[in-house]
Amino acid sequence: MPQNKVVENTTPQSERYNIEMTHLRQRMAKIKHKIAIISGKGGVGKTLVTVNLATALSVKGNKVGVLDADIHGPCVPRMLGLKRQQLDVGPAGIFPAINSIGLKVISMDMLLPSDDAPVIWRGPLKMGAIRQFLGEVAWGDLDYLLIDLPPGTGDEPLSILQLLPDIDGVIIVTIPSRVSQDVVKKAVTFARNLNAPILGIVENMSVLICPHCNQEIKIFGESQKVAEEMEVQTLGSIPFDPDVSSDSDSGTPFIIEHPESGSSEAFMKIVEKIEKMMEEKKN
């Protein structure tokens, strides 16, 4: 993996690339389903959705990995109780960190010397790191690998969709605001231009349920019709719950701490749809 200290490698660049790609294909062949989670803009809770979907899949008995492909702002480790986790390396490759419920996780956060250390990289270095995350990490046999991508349609999303031409699909996360859903259209078009199947849209923070009167409060306004306009299905809507944020900060996924909540139920229903789609694809 990229380190602060540069070690000279005398292998020709083209040969190194071919070796990396061979390893990548071998690693990915052991993973049944690969799904990327993207968003057109930041602030919509994409990583939170990724972490809770991965947890829900694991709760249902699947072997799950999470690749945190947000090179500049990695957040997955904190949400899964793996902040500052060190990685082990052996002949088989780099071993992902494993959290308390068995999720395998890799993130740039695990390679940085401190919390305030920034990653100041241009595109080629980021693409190289993502190739290593996919090809040098000993993921083993997995049912699902969820890939949490940074907002937008830049280097990281482009690298993933180019390196994984057989990706099972992308899930697009948004909130009910007009601004967010305008940008969703760009994410949909981006995925289509790269021939990536779109599994659907998840509308996060759809409503707030008042704890006193149990009424729905539409804090971001009415849900928009962007899914209908772009001819994409809506996988589900996740109600806003203040406990989601506090649980994420503490490192315990929301659906583990509050399995009976409306938000947890929404996550489980989305996962059921995902599993059904993957089963239909297999058949």
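Read the figures in this text as sums done on the coordinates, not as results from a lab. Just so it is clear, the structure is predicted and the values come from calculations on it, not from any experiment. Glycine gets a Cβ as well: all are built from the backbone with ideal geometry, and neighbour counts include every protein chain shown.
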* For the chain, give the share of DSSP beta bridges that are antiparallel, in percent and rounded to the nearest 5; count only bridges with both residues there. => 20 percent
* From the phi of every residue in segment 15-23, what ³J(HN,Hα) in whole Hz does the Karplus formula 6.51 cos²θ - 1.76 cosθ + 1.60 yield, where θ is phi - 60° and glycine or proline is x? -> 5, 4, 4, 5, 5, 4, 5, 5, 4
* Asked: So for segment 150-248: antiparallel DSSP bridges make up what percent, rounded to the nearest 5?
  -> 15 percent
* Asked: According to the Kirkwood expression over distinct Cα-Cα pairs, how big is the hydrodynamic radius of the chain, in Å?
  -> 19.3 Å
* **For the chain, built as a Gaussian network whose Cα springs stay under 10 Å, the top-fluctuating residue of Ser100, Ser263, Ser177** => Ser100
* Asked: For Ile120 and Lys269 in one chain, what is 0.36 nm times their gap in residues minus the Cα-Cα distance, to one decimal in nm?
  -> 49.7 nm
* **Inter-centroid distance (Cα atoms) of segment 35-84 relative to segment 148-168, Å** => 15 Å
* Structure fact -> Among Ala69, Ala117, Ala97, the residue with the largest mean-square fluctuation in a Gaussian network model of the chain built from Cα contacts under 10 Å is Ala117
* Which of Gly81, Phe190, Val49 sits closest to the plus end of the dipole of segment 32-282, meaning its Cα is farthest towards the positive end, when Lys and Arg get +1 and Asp and Glu get -1 on the C-beta? -> Phe190
* Mind scanning Lys30/Lys269; Lys34/Lys218; Lys34/Lys185; Lys218/Lys282; Lys83/Lys218; Lys83/Lys225 and naming the pairs with a C-alpha gap bigger than 28 Å? => Lys34/Lys218; Lys218/Lys282; Lys83/Lys218; Lys83/Lys225
* Asked: Separation between the Thr22 and Val89 pseudo-spin-labels, each 7 Å from Cα along Cα→Cβ, expressed in nm?
  -> 2.1 nm
